[in-house]
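S.K.: The structure that follows is given in the form of structure tokens.
The values are calculated or read from the model by the stated rules, or taken from the named source; none is laboratory data. Model, not experiment: these values are computed from the prediction. As a convention, Cβ positions derive from the backbone with ideal geometry for all residues, glycine included, and neighbour counts pool all protein chains shown.
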């Protein structure tokens, strides 16, 4: 295999490796964003549940 072909093959492999690392970084970023959204929703839901629980304990009704 001529040296130029080996060099081109090395460049192609390096590009694939770069793309693979980029995809991995994007997946991690997406998972981190998803995780943040889930925790935000959970904290909101838990706050509502706590408030609803307190309202039931106090005996306030919306009738």
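S.K.: Can you confirm whether the stretch 25-32 contains a residue that is assigned to a helix (DSSP H, G or I) and either modelled with pLDDT under 75 or touching a helix residue (DSSP H, G or I) at 6+ places or on another chain (Cβ under 6 Å) (or both)?
M.R.: Taking every residue of the stretch 25-32 in turn, none turns out to be assigned to a helix (DSSP H, G or I) and either modelled with pLDDT under 75 or touching a helix residue (DSSP H, G or I) at 6+ places or on another chain (Cβ under 6 Å) (or both).
S.K.: Among the residues of the stretch 51-58, is any more than 27 Å from the chain's Cα centre (by Cα) and assigned to a loop (DSSP other than H, G, I, E, B)?
M.R.: Among the residues of the stretch 51-58, not one is more than 27 Å from the chain's Cα centre (by Cα) and assigned to a loop (DSSP other than H, G, I, E, B), which makes the answer no.
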